[in-house]
1. Roughly speaking, what is the centre-to-centre gap between segment 31-72 and segment 136-203 when only Cα atoms are used, to the nearest Å?
2. Extension gain D180-T236, at 0.36 nm per residue separation less the Cα-Cα distance, in nm?
3. Take each of the peptides 233-245, 94-106, 32-44, 252-264, average the number of other beta-carbon atoms within 10 Å over its residues, and list them starting from the highest.
4. For the chain, find the longest principal axis of its Cα atoms and tell me its angle to the long axis of helix 102-112, 0 to 90°, nearest 10.
5. Determine, for S246, S141, S60, S17, the number of other Cβ atoms within 10 Å of each Cβ, and report the residues in order from fewest to most.
6. Counting helices only, and only those DSSP H runs with n ≥ 4, report the 222 nm mean residue ellipticity of the chain as the sum of -39,500 (n - 2.57) divided by its residues, in deg cm²/dmol to the nearest 500.
7. Can you list the residues, at least 5 places off or on another chain, whose amide H is less than 5 Å from the amide H of T269, using H built in the peptide plane?
8. Considering only Cα-Cα distances, which of the following residue pairs are longer than 26 Å: K51/K116; K116/K197; K92/K116; K51/K92?
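Just so you know, all these numbers are worked out from the coordinates, no wet-lab data involved. Quick caveat, the model's predicted, so the values are computed rather than measured. Here the Cβ positions follow ideal geometry from the backbone for every residue, glycine too, while neighbour counts run over all protein chains shown.
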Amino acid sequence: MLERTEGVNRPIGVFDSGIGGLTVVRELLRVLPHEDIIYFGDTARVPYGPKSPETVVRYSHEITSFLMSQDVKAVVVACNTATAHALASLQKTYNVPIIGVIEPGAIAASKLTRTKHVGVIGTNGLVNSHAYRDALHRLDSTIVVSEQACPLFVPFVEEGWLDHPATHLVAAEYLSPLVDDQIDTLVLGCTHYPLLKDVINDITGPSISLIDSAEETAVQTSALLSQHHLKRAERTDKPRLRFIASDSPQQFLNVGRRFLGSSIDSVETVGLGL
Ligand code: DGL
């Protein structure tokens with residue numbers, strides 16, 4: 001990969017299949033408060049979870065090319081499904097640092113587990129790719145990994161059913177097998193799931209630690225920027241945040257505020273490959 005050390009003041013590009021990646025933006029704002037961010041949510045084509053790897057790779061390249069056209073200095077793939085299918089191909093194609101959410105989540109889980117039995121939940125695409133299992137085994141081959149797809153969680157979050165009885169019911173159905181498996185650490189392998197932490201905690205109880213990849217991804221992004229001499233110096237003015245959706249800005253605004261509060265005041269629309 002070519003090194004580009006000029007232009008530290010360029011923004012960081014972040015993308016997700018929709019609004020879920022805003023949980024990663026929330027952490028980036030906390031860990032890297034001086035950076036400008038351009039966020040692209042592919043709301044016209046969400047969800048990526050049930051789509052084929054080839055389609056997700058194509059979408060991910062279209063979005064990354066767009067972010068590169070906006071002169072970003074690094075890209076955060078804030079979507080577990082896109083990371084599983086497309087990260088390696090993106091890293092080979094573009095000459096800026098590109099980071100996904102899976103490796104950071106796996107690192108955090110491997111540090112935290114005591115019993116070496118880790119659960120992973122995510123979309124069907126993510127779970128079928130076994131990307132977390134493989135990442136965990138690269139770190140420690142003795143870790144036992146129990147995986148569970150939770151395809152109904154994303155629509156519940158999009159609907160704002162964060163504490164709805166139906167969400168509790170479905171969570172119990174999905175998570176009970178993992179509790180029975182006696183995992184001690186559970187990776188929230190989908191950008192939407194941090195919003196369901198309370199519901200998930202109700203089922204898993206205090207003896208199972210939840211890993212939110214977003215937190216660790218922000219820490220690793222900061223380290224990657226430092227390593228490439230791309231970290232912006234402290235500033236007195238407010239960082240510039242741009243939010244772009246491929247579909248209705250209104251829906252993005254409504255749901256996005258649940259993730260980021262008042263940090264979102266406007267949303268642009270850019271259609272890609274439609
Ligand atoms: N952002 C996706 C992920 O983290 C979840 C939503 C989708 O299926 O596109 O896997």
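1. With segment 31-72 and segment 136-203 each reduced to a Cα centre, they are spaced 24 Å.
2. Values: separation 56, 0.36 × 56 = 20.16 nm, distance 5.13 nm.
The span from D180 to T236 would gain 15.0 nm if fully extended.
3. 94-106, 32-44, 252-264, 233-245
4. It works out to around 50 degrees.
5. Values: S246 24, S141 7, S60 27, S17 31.
Fewest-to-most ranking of S246, S141, S60, S17: S141, S246, S60, S17.
6. Values: 11 runs with 124 residues, N = 274.
Taken over the chain, the calculation gives -14000 deg cm²/dmol.
7. Under 5 Å from the amide H of T269 lie the amide H atoms of A245, each far enough along the sequence or on another chain.
8. Numbers: K51/K116 31 Å; K116/K197 22 Å; K92/K116 33 Å; K51/K92 22 Å.
Those over the limit are K51/K116; K92/K116.
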